[in-house]
């Protein structure tokens, strides 16, 4: 015989509380800038276990998808990372340029880092488009996709900055030269004659330490928080 499960009023009340909290947060809308969201999220995650943090980030990712700018993805890694963080809400672009075009029109784009395309180098000529997030955003991991948005990222207290150069010098030499100027750098990817590095901390485009950095074509293209 089938046994009807017993009612669990306590857990049902907790479930309803989650529903009401999500409804209220959606009604409040998005914060004005990506860094404001990142700072609030970091404060929210303080003291949580890994399992709790994962669950909370999943909920906030879906809230973000519902309340922030539309999301476009390009590349297989970006599709997987976006589905994990934001749910199955993103529109897929076949090439980098349509994804960047969507950003120019107000969307966000999560785009693969791959040796087959130096799409990120185009941001040197388009300062209105900036990197505002990098996934995975674990401080111990290496980003596989970057989020581009028409927004100027601000410091969140624990960031990494993305810097492009066309220098033909070896990665080790570029890292050493930047280190001599007081910047901690790590090579991330190279494509199309350009190299992308991560600089520790929040580094502004006009930072004087980059004045003599290697390369004739170089510059900061954004920054992203670490968690």
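Values quoted throughout were computed directly from the atomic coordinates according to the rules given, and no laboratory measurement underlies them. A quick note: this is a predicted structure, and the numbers were derived from the prediction, not measured. Please note: Cβ atoms are built from the backbone with ideal geometry, for glycine as well, and neighbour counts cover all protein chains shown.
Among 190-201, 53-64, 102-113, how do they line up from the highest to the lowest mean number of other beta-carbon atoms within 10 Å? Walk me through the intermediate numbers first.
Details: 190-201: 17.6, 53-64: 15.8, 102-113: 20.5.
Per-residue mean Cβ counts within 10 Å order the peptides as 102-113, 190-201, 53-64.
Restricting to bridges with both residues inside the range 30-225, how much of the DSSP beta-bridge set is antiparallel, in percent to the nearest 5?
Once the DSSP bridges in the range 30-225 are tallied, antiparallel ones form about 80 percent.
Considering only 186, 138, 158, the mean-square fluctuation computed in a Gaussian network model of the chain, springs between alpha carbons under 10 angstrom, is largest for 138.
Placing dummy labels 7 Å off each Cα toward the beta-carbon, the span from residue 49 to residue 36 is 3.4 nm. Angle of helix 9-28 to the longest C-alpha principal axis of the chain, folded into 0 to 90 degrees and rounded to 10: 40°. Choose one answer from 136, 155, 32: the residue with the largest mean-square fluctuation in a GNM of the chain with alpha-carbon springs under 10 Å. Comparing 136, 155, 32 in a Gaussian network model of the chain, the most mobile one is 32.
Set the Cα radius of gyration of the range 30-225 against 2.2 N^0.38 Å, with N its number of residues, and you get 1.00. Contact order for the range 39-120, expressed relative to its length and based on alpha carbon pairs under 8 Å spaced 6+ residues apart, stands at 29 percent.
By how many degrees, 0 to 90 and rounded to 10, does the Cα axis of helix 76-86 deviate from the longest principal axis of the chain? Its long axis makes an angle of about 40 degrees. For the chain, the relative contact order comes to 19 percent (Cα pairs under 8 Å, sequence separation of at least 6). Averaging Cα coordinates gives a centre for the range 136-179 and one for the range 10-35; these two points are 33 Å apart.
Between 164, 72, 175, the Gaussian network model of the chain with springs among Cα atoms under 10 angstrom shows the greatest mean-square fluctuation at 175. The long axis of helix 171-180 is offset from the longest Cα principal axis of the chain by roughly 90 degrees.
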